[in-house]
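Let me begin by presenting the structure, written as structure tokens, before commenting on it.
The values are calculated or read from the model by the stated rules, or taken from the named source; none is laboratory data. All figures in this text were calculated on a predicted structure; none of them were measured in a lab. Cβ: placed from backbone, ideal geometry, glycine included. Neighbour counts: every protein chain shown. The accessibility values were calculated without ligands, DNA or RNA, using every heavy atom of the protein model including side chains. Shrake-Rupley method; radii C 1.70, N 1.55, O 1.52, S 1.80 Å.
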Amino acid sequence: MYFLGLDPSTKCTGFCLMDENKDIIEKGKIDISKIDDHGEKLAVQYKVIESLMDKYEITKVLCEDQYAKLNIDTVKKLSRTTGIYLLMAKLKGVELELIYPTSWRKVFHGYGSAKKEDTFDKVVAIYELEGLTFKKDNDMTDSVGIAWACVDMHKGVAA
């Protein structure tokens, strides 16, 4: 069984594919910060995530949902990004659930008020990842926390 955690972004989307033992199979980031056309940004993200879905038999996808408190333009762009993931999952017959940051952090940390820095530090420590920097890699480390929560939620493990 494989579980995919997604941290969508308008600049750098993080993804993590994890097995039921919480071993990382693949992780990374889709840097779209230098692409101006929003449609092209969506296409690039679609292709990367589709290749993961084609390569692995994914059991479930957990995707971070947006807060309405963000800038309206950002909310619209993130909603479009989330929409391509919802469509792709549906077309591939994979369950996708949207989750707010406080909810997946509660599963991963045991409390929902954890910050991005807390997730970065915990992921780096657990997986003994070297050479990462918070500024460049926090979207990817968040996706690891989201994938972890996806595994626990699938197994029915409560925070």
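Does region 146-153 include one or more residues that are open to solvent by 30 Å² or more (accessible area, probe 1.4 Å) and in a helix (DSSP H, G or I)?
yes
Can you tell me which residue within region 117-134, out of those that are in a loop (DSSP other than H, G, I, E, B) and at negative phi, is most open to solvent (accessible area, probe 1.4 Å)?
Glu130
Scan (1) among the β-branched types (Val, Ile, Thr); (2) open to solvent by 30 Å² or more (accessible area, probe 1.4 Å); (3) farther than 25 Å from Ser103 by Cα for the single condition Ile25 breaks and write down its number.
Answer for Ile25: the failing condition is (3).
Select from region 97-116 the residues that are within 16 Å of the chain's Cα centre (by Cα) and open to solvent by 70 Å² or more (accessible area, probe 1.4 Å) and list them in ascending order.
Tyr100, Lys106, Lys115, listed by residue number.
So is Lys69 open to solvent by 60 Å² or more (accessible area, probe 1.4 Å) and more than 16 Å from the chain's Cα centre (by Cα) or not?
So Lys69 passes the test.
Do you know which residues across region 65-91 are in contact with an Asp or Glu (Cβ under 8 Å, 6 or more places away or on another chain) and either acidic (Asp, Glu) or farther than 13 Å from Gly5 by Cα (or both)?
Once the filter is applied, which keeps residues that are in contact with an Asp or Glu (Cβ under 8 Å, 6 or more places away or on another chain) and either acidic (Asp, Glu) or farther than 13 Å from Gly5 by Cα (or both), region 65-91 yields only Met88.
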